[in-house]
Amino acid sequence: MAVGPASLARPAPVARKPFALKRALEREGVFSWLMLAPGVLFLLAFVAYPFFYGMFLSLQERKVAQTGVFVGFANFAVLANDAVFWQVTRNTFVYTAAATLLKMVGGLALALVMNQQFRGKNLARAFLLLPFIVPTVLSTVAWMWILDPTFSVINWTLLHTGLVKESFSWLGNATLAMVSIIGVNTWRGLPFYGITLLAGLQTISPELYEAAAIDGASVTQRFWHITIPLIKPVLIIVTMFSVIFTFSDFQLPFILTHGGPANATHLFATYAFDIGTTAGQLGMGAAVALAMLPPLGLLIVALTLYLRRE
């Protein structure tokens with residue numbers, strides 16, 4: 001009797017286990033850290049390292065191309081007795097306070113106007129961004145021509161309207177130079193305030209204004225009791241960013257006045273650059289740069305706590 005070939009039994013399919021890497025990526029904690037890793041590495045390389053290295057330099061007497069000598073807080077003690085440093089401190093606070101206040105008022109006014117319905121509104125919003133998107137160096141060079149004592153369009157207008165009898169040296173006078181850099185910084189920062197506050201205004205329901213108007217509230221009352229309270233969180237946040245950018249401003253005052261005349265427009269950033277790079281005193285320059293950290297940190301903490309309370 002012929003016997004047929006034995007039937008081959010097929011092995012049962014084995015469930016493949018996912019790779020260890022795949023299993024790790026499926027974990028929420030691992031995936032979150034992978035997404036955060038590029039940003040964290042960027043901050044460590046370009047923010048944390050320069051910051052801690054600057055702290056290290058501030059504790060040394062370090063000149064360019066020379067080995068540093070540890071001196072502790074001697075650099076800060078020298079700055080505490082330096083009249084120019086205190087002048088720079090005063091300049092920085094005046095510059096920051098005046099420019100921030102002007103940007104706040106002007107930006108809120110622009111936002112209120114841009115929030116209205118009128119023909120060409122979108123085009124007006126596009127032009128509003130021009131001062132903010134133009135490179136700072138390019139716009140500052142243009143302002144140098146505008147404020148030039150010989151070719152200044154401002155002086156030409158004042159002379160031909162009979163308001164003044166002789167041209168001003170906008171960047172050669174200590175007071176006018178400070179007014180000039182405050183004005184240019186305000187011009188450049190208005191779009192940031194205006195667009196941000198406009199976004200906040202558009203979140204307010206028109207029904208609130210209609211209900212207030214029916215109850216007899218005037219335009220001023222609606223502004224103080226509806227608009228301001230509802231955009232206050234946005235206003236505080238944009239003010240915080242504006243203070244940070246203005247307090248540490250470098251490009252605009254450095255290009256426009258280079259700290260002159262007679263240190264009248266030197267700020268922390270420009271003075272630190274002059275001492276650290278031009279004079280070659282890296283340790284002292286780092287100490288000047290770090291001196292702006294405590295007041296700026298206290299201001300940010302105060303604004304943050306006020307925002308949380310609100």
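The values are calculated or read from the model by the stated rules, or taken from the named source; none is laboratory data. Keep in mind that what you see is a predicted model, and the values were worked out from it rather than measured. Note that we place each Cβ from the backbone using ideal geometry, even for glycine, and neighbour counts take in every protein chain shown. Heads up: the accessible areas ignore ligands, DNA and RNA and are worked out on the full protein's heavy atoms, side chains in. Shrake-Rupley method; radii C 1.70, N 1.55, O 1.52, S 1.80 Å.
Listing for the model above:
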quantity	calculated
Test for Leu267: is it surrounded by 20 or more Cβ atoms within 10 Å (Cβ to Cβ), touching an Asp or Glu at 6+ places or on another chain (Cβ under 7 Å) and at pLDDT 90 or above	yes
Options Val94, Val47, Val88: the member that is at negative phi, modelled with pLDDT under 90, in a helix (DSSP H, G or I) and within 20 Å of the chain's Cα centre (by Cα)	Val47
Some residue of the range 181-193 being in a loop (DSSP other than H, G, I, E, B) and open to solvent by 20 Å² or more (accessible area, probe 1.4 Å)	no
Enumeration of residues in the range 142-176 that are within 27 Å of the chain's Cα centre (by Cα) and either part of a loop (DSSP other than H, G, I, E, B) or of a type in the set (Asp, Glu) (or both)	Leu147, Trp170, Leu171
All positions within the range 227-243 that are more than 19 Å from Gly297 (Cβ to Cβ) and polar (S, T, N, Q)	Thr227
Some residue of the range 80-88 being more than 21 Å from Val184 (Cβ to Cβ) and of a type outside the set (A, V, I, L, M, F, W, C)	yes
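Every residue, every condition in (1) at pLDDT 90 or above; (2) in contact with a Lys or Arg (Cβ under 9 Å, 6 or more places away or on another chain), yes or no:
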{"site": "Asn122", "(1), (2)": "no, no"}
{"site": "Val134", "(1), (2)": "no, yes"}
{"site": "Leu138", "(1), (2)": "no, no"}
{"site": "Lys165", "(1), (2)": "no, no"}
{"site": "Thr186", "(1), (2)": "yes, yes"}
{"site": "Leu198", "(1), (2)": "yes, yes"}
{"site": "Pro206", "(1), (2)": "no, no"}
{"site": "Thr220", "(1), (2)": "yes, no"}
{"site": "Phe223", "(1), (2)": "yes, no"}
